[in-house]
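Scroll down for the structure; my scribbles are underneath it.
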Amino acid sequence: MRQPIRVDNSRPVTVYDTARILGVSKKRTEAIIREVERTIHRDAKTGEVVIRTKGWENTPGNHSSRNGRKTSKTASASRKASR
Amino acid sequence: MAGKPAKQRRRAAKPRVREEDVFLNIPYDARFENLLLAYIAGISAFGFAPRATLEIPFGQRRLDRILSLIRQSRYSIHDLSRVQLDRKAPPTPRFNMPFELGLTVALERAAHHSWIVCETVPHRIKKSLSDLDGTDAYIHGGTVAGVFRELGNAFVGSSRQPTVTEMSRIYRLLRVHFRSVLKRAGAKDAFNARVFEELCVRASKAADALAGLND
């Protein structure tokens with residue numbers, strides 16, 4: 001007979017706990033969190049968490065108001081240089 | 001003990017059992033990569049931290065460290081799917097998984113530890129490891145959805161009760177990030193310490209997001 005495991009995880013691990021247990025540095029953990037946050041967003045209508053499968057690597061990290069567009073830093077820098 | 005020097009006493013101390021650690025005993029095989037990601041996604045969705053011998057560097061004290069890792073994990077999952085001969089010469093079966101299961105069963109008698117066995121093929125374990133007669137395996141059928149289903153059947157009473165859909169979302173996130181993680185680690189497959197750690201942290205963050213935690 002299959003014996004299920006009665007688990008006691010009244011305090012589930014957070015991402016910081018997992019990183020600490022596995023010995024991942026704080027700096028690396030923060031970088032990973034930023035990357036994951038770029039991939040995940042909550043649907044405003046349904047409230048469900050949605051995973052973006054495309055383009056997450058090219059989007060800015062902590063500027064949600066830009067809605068995933070690339071920053072124009074390089075464009076403005078080149079404009080300045082051409083003056 | 002009182003007469004022993006402090007260094008020896010420290011060595012003799014038992015590692016603390018972590019309620020949140022799940023030791024994952026699976027084949028390190030390219031054909032098993034999807035299921036490794038599925039286990040990481042599923043275990044993280046339940047609010048646990050996956051642990052594996054991938055974290056341990058090869059060396060003289062490897063066996064001691066495997067024992068210590070099992071002893072400090074409150075739960076363990078042993079996947080005995082790979083019983084056939086591998087393709088590399090000389091063709092051999094993989095003994096690591098049943099060996100680590102044996103270590104766990106022996107440790108269970110002394111420590112607070114619970115374990116389950118997973119398999120791809122129903123009833124095969126009765127032939128491959130008949131000593132476990134009376135303990136039925138969780139059959140995932142070699143599929144990602146099967147792993148999620150069986151983890152849901154195995155973990156009872158968890159404070160987080162993720163649905164198969166939620167576990168699938170975490171899995172999808174890991175899949176999306178997988179190439180980038182491999183590239184950054186300079187690795188060819190998932191069976192690498194750094195890749196394993198990165199995937200676990202990503203899965204844990206996704207699980208937090210699904211559980212509605214704002215870190």
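The values are calculated or read from the model by the stated rules, or taken from the named source; none is laboratory data. Model, not experiment: these values are computed from the prediction. Here Cβ is always computed from backbone atoms with ideal geometry, including for glycine, and neighbour counts include all displayed protein chains. Surface areas here come from the heavy atoms of the whole protein model, side chains and all, with no ligands, DNA or RNA. Shrake-Rupley method; radii C 1.70, N 1.55, O 1.52, S 1.80 Å.
Exactly one of (1) of a type in the set (Phe, Trp, Tyr); (2) at the interface with chain A (Cβ under 10 Å from one of its Cβ atoms); (3) more than 15 Å from the chain's Cα centre (by Cα) is unmet by residue B:138. Its number?
Status for residue B:138: all satisfied but (3).
Identify the residue in the stretch B:57-79 that is modelled with pLDDT of 90 or more and basic (Lys, Arg) and, among all such residues, is least open to solvent (accessible area, probe 1.4 Å).
Among those residues, the one meeting the criterion is B:74.
Failed condition for residue B:82, given (1) closer than 30 Å to residue B:16 by Cα; (2) among the charged types (D, E, K, R); (3) open to solvent by less than 70 Å² (accessible area, probe 1.4 Å), with all others met?
(1)
What is the one condition in (1) under 15 Å from residue B:205 (Cβ atoms); (2) open to solvent by less than 90 Å² (accessible area, probe 1.4 Å); (3) not β-branched (Val, Ile, Thr) that residue A:34 does not satisfy?
For residue A:34, the failing item is (2).
Any chance you could count how many residues in the stretch B:42-82 are of a type in the set (Gly, Ala, Ser), touching a strand residue (DSSP E or B) at 6+ places or on another chain (Cβ under 8 Å) and not in a helix (DSSP H, G or I)?
6
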